[in-house]
Amino acid sequence: MKKWKFLTAAALTLMLAACGADEETSTKDDSDKAATEQTAGTDNKETAATEAPVFPMTVSSLSAGSETEDGKSLTFEDVTFEEMPKNIVVFDYGFLDTLDALGVEGIVGIAANGGKGNFPEHLKEKYLTDSVTDVGSLKQIDFEKVAAANPDAIFISGRQGSFYEELKEITPNVVFIGSDNSNYVDGVFETVDLAAEIFGKQEKAEELKASLQEKVDAVKEKAAGYENALVAMYNDKKISGFDNGEDSRFAYVYNDFGFKPSTTDIKASSHGSDFSYESILSVDPEVLLIIDRTASDVETIKADIENDIIKQTRAYKEDKIVYLDGVNWYFSSNGVTTEAEKLDEILNELK
């Protein structure tokens with residue numbers, strides 16, 4: 001009997017020891033799990049902290065020292081935001097497009113021009129409404145309406161550059177958003193990054209930039225298969241030509257999108273150089289990219305463009321005349337969505 005009691009005690013001792021070991025292991029596992037969760041939580045907090053903007057925040061205008069459309073040199077001051085802007089007036093359609101793509105709220109004023117003309121189609125439903133103040137056109141600002149919108153941030157570009165000082169009287173937080181023709185795609189990314197920094201949209205910005213870069217790479221690959229190209233703009237029956245010079249408005253089609261210019265002998269100008277149909281025939285591009293400045297229907301333009309002279313070009317014979325949307329290309333360039341649409345136009349037409 002004593003022997004049985006001894007064995008039972010011994011067994012009980014071993015069992016208790018085992019239980020203690022299990023509890024210790026369990027406690028250690030729980031501690032490790034908690035530590036892992038805490039670390040993960042810390043990482044998430046750090047990610048969130050990275051995403052959340054920190055104010056006061058000082059930002060610089062893009063393309064500082066740029067010029068207005070009439071060639072006037074401008075200098076822009078840095079802007080310090082004490083808090084995230086809540087009432088935003090946007091004059092640049094490209095930047096409005098980028099803010100919209102990022103999901104930025106608080107846009108209270110845009111240059112809608114009474115809903116007439118060249119406002120981006122994909123933004124009309126959301127912004128051409130009674131809840132968003134129409135503050136004039138791209139070149140004629142209604143300062144009273146701008147002031148009434150009580151903005152704490154105003155974003156402008158070259159068309160409004162000459163009104164910079166007047167707009168600063170409404171709010172000192174006026175930021176210039178310019179295009180960098182010498183490094184166009186990076187310039188688009190720069191505007192996306194600026195908006196993301198101010199409004200805490202870094203993660204979405206990275207997605208948008210990656211998607212746009214894929215399209216740029218696809219167009220570059222396609223462009224490499226052609227001997228040369230010419231960018232021309234159609235405006236009220238007149239043609240302007242553009243080469244790859246640094247002052248050329250559409251130089252990025254060659255320098256960033258990869259098309260080889262059919263000529264480098266076009267007078268540099270942001271609006272292009274007068275270019276006759278005979279001039280197009282003389283350089284005989286394999287690809288002819290026509291930007292529709294008048295925003296009319298394609299068939300109307302074709303009736304003028306595809307005349308007896310143009311029908312002699314290689315581009316016409318090989319069905320490589322591409323008609324491009326004038327609103328996206330001329331009025332709302334530099335927006336992350338519109339740039340994607342522009343690239344899609346080329347990809348879809350040059351199959």
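The values are calculated or read from the model by the stated rules, or taken from the named source; none is laboratory data. Quick caveat, the model's predicted, so the values are computed rather than measured. Backbone-built Cβ (ideal geometry, glycine too); neighbour counts: all protein chains shown. Ligands, DNA and RNA are stripped out before the accessible areas are found, and what is left, the full protein with its side chains, is counted by its heavy atoms. Shrake-Rupley method; radii C 1.70, N 1.55, O 1.52, S 1.80 Å.
Scan the stretch 310-326 and tell me whether some residue there is at pLDDT below 95, closer than 25 Å to D186 by Cα, under 18 Å from the mean Cα position of the chain (by Cα) and assigned to a loop (DSSP other than H, G, I, E, B). For the stretch 310-326, residues at pLDDT below 95, closer than 25 Å to D186 by Cα, under 18 Å from the mean Cα position of the chain (by Cα) and assigned to a loop (DSSP other than H, G, I, E, B): present. I'm trying to understand the selection: among the residues of the stretch 118-141, which are out of contact with any helix residue (DSSP H, G or I) (no Cβ under 9 Å at 6 or more places or on another chain) and open to solvent by less than 70 Å² (accessible area, probe 1.4 Å)? The one that is out of contact with any helix residue (DSSP H, G or I) (no Cβ under 9 Å at 6 or more places or on another chain) and open to solvent by less than 70 Å² (accessible area, probe 1.4 Å): T129. Quick one: in the stretch 105-117, which of the residues that are farther than 16 Å from S157 by Cα and either under 19 Å from the mean Cα position of the chain (by Cα) or at pLDDT below 90 (or both) is surrounded by the most Cβ atoms within 10 Å (Cβ to Cβ)? Checked the stretch 105-117; the qualifying residue surrounded by the most Cβ atoms within 10 Å (Cβ to Cβ) is I107.
Residue count for the stretch 86-102 under the criterion of being open to solvent by 10 Å² or more (accessible area, probe 1.4 Å) and not in a helix (DSSP H, G or I): the result is 3.
Quick check, is K33 surrounded by 10 or more Cβ atoms within 10 Å (Cβ to Cβ), of a type in the set (K, R) and modelled with pLDDT of 50 or more?
Details: surrounded by 10 or more Cβ atoms within 10 Å (Cβ to Cβ): yes; of a type in the set (K, R): yes; modelled with pLDDT of 50 or more: no.
No, not satisfied.
Does S269 meet the test of being open to solvent by 30 Å² or more (accessible area, probe 1.4 Å) and either closer than 30 Å to D100 by Cβ or modelled with pLDDT of 95 or more (or both)? Let's see the steps before the verdict.
Numbers: open to solvent by 30 Å² or more (accessible area, probe 1.4 Å): yes; either closer than 30 Å to D100 by Cβ or modelled with pLDDT of 95 or more (or both): no.
Considered against the rule, which asks whether it is open to solvent by 30 Å² or more (accessible area, probe 1.4 Å) and either closer than 30 Å to D100 by Cβ or modelled with pLDDT of 95 or more (or both), S269 comes out as no.
Restricting K204, K220, K209, K215 to residues that are touching a residue at least 60 places away in the same chain (Cβ under 8 Å) and either more than 22 Å from F331 (Cα to Cα) or hydroxyl-bearing (S, T, Y) (or both) narrows the list to K204.
Taking first residues from the stretch 292-321 that are touching a residue at least 24 places away in the same chain (Cβ under 8 Å) and partners that are open to solvent by 40 Å² or more (accessible area, probe 1.4 Å) and in a helix (DSSP H, G or I), the Cβ contacts under 7 Å between residues at least 6 apart in sequence or on separate chains come to N307/Y277; I309/Y277; I309/E278; I309/L281; I310/Y277; I310/Y316; Q312/L281; T313/L281.
Kindly indicate whether any position in the stretch 240-260 is loosely packed, with under 15 Cβ neighbours inside 10 Å, in a loop (DSSP other than H, G, I, E, B) and without any contact (Cβ under 8 Å) to a residue 40 or more places away in the chain.
Taking the stretch 240-260 and keeping what is loosely packed, with under 15 Cβ neighbours inside 10 Å, we get 246-247.
Checking the rest, the ones that are also in a loop (DSSP other than H, G, I, E, B) come to 246-247.
Filter once more, so that each one left must be without any contact (Cβ under 8 Å) to a residue 40 or more places away in the chain: none.
Checking the stretch 240-260: not a single residue is loosely packed, with under 15 Cβ neighbours inside 10 Å, in a loop (DSSP other than H, G, I, E, B) and without any contact (Cβ under 8 Å) to a residue 40 or more places away in the chain.
Please pick out the residue among E318, E286 that is of a type in the set (D, E, K, R) and open to solvent by 40 Å² or more (accessible area, probe 1.4 Å). The match here is E318.
What are the residues in the stretch 179-198 that are open to solvent by 10 Å² or more (accessible area, probe 1.4 Å) and not polar (S, T, N, Q), if any?
Of the residues in the stretch 179-198, the ones open to solvent by 10 Å² or more (accessible area, probe 1.4 Å) are 179-183, 185-186, 189-190, 193-194, 197.
Hits for the stretch 179-198 are D180, V185, D186, F189, E190, D193, L194, E197.
If a residue has to be at pLDDT 80 or above, in a loop (DSSP other than H, G, I, E, B) and not hydrophobic (A, V, I, L, M, F, W, C) to count, how many in the stretch 58-75 make the cut? Even if it seems obvious, please write down each step before you answer.
Here is the first cut: in the stretch 58-75, the ones at pLDDT 80 or above are 58-62, 74-75.
Then drop every residue that is not in a loop (DSSP other than H, G, I, E, B), which leaves 60-62, 74-75.
Next cut, not hydrophobic (A, V, I, L, M, F, W, C) only: 60-61, 75.
Residues in the stretch 58-75 being at pLDDT 80 or above, in a loop (DSSP other than H, G, I, E, B) and not hydrophobic (A, V, I, L, M, F, W, C): 3 in total.
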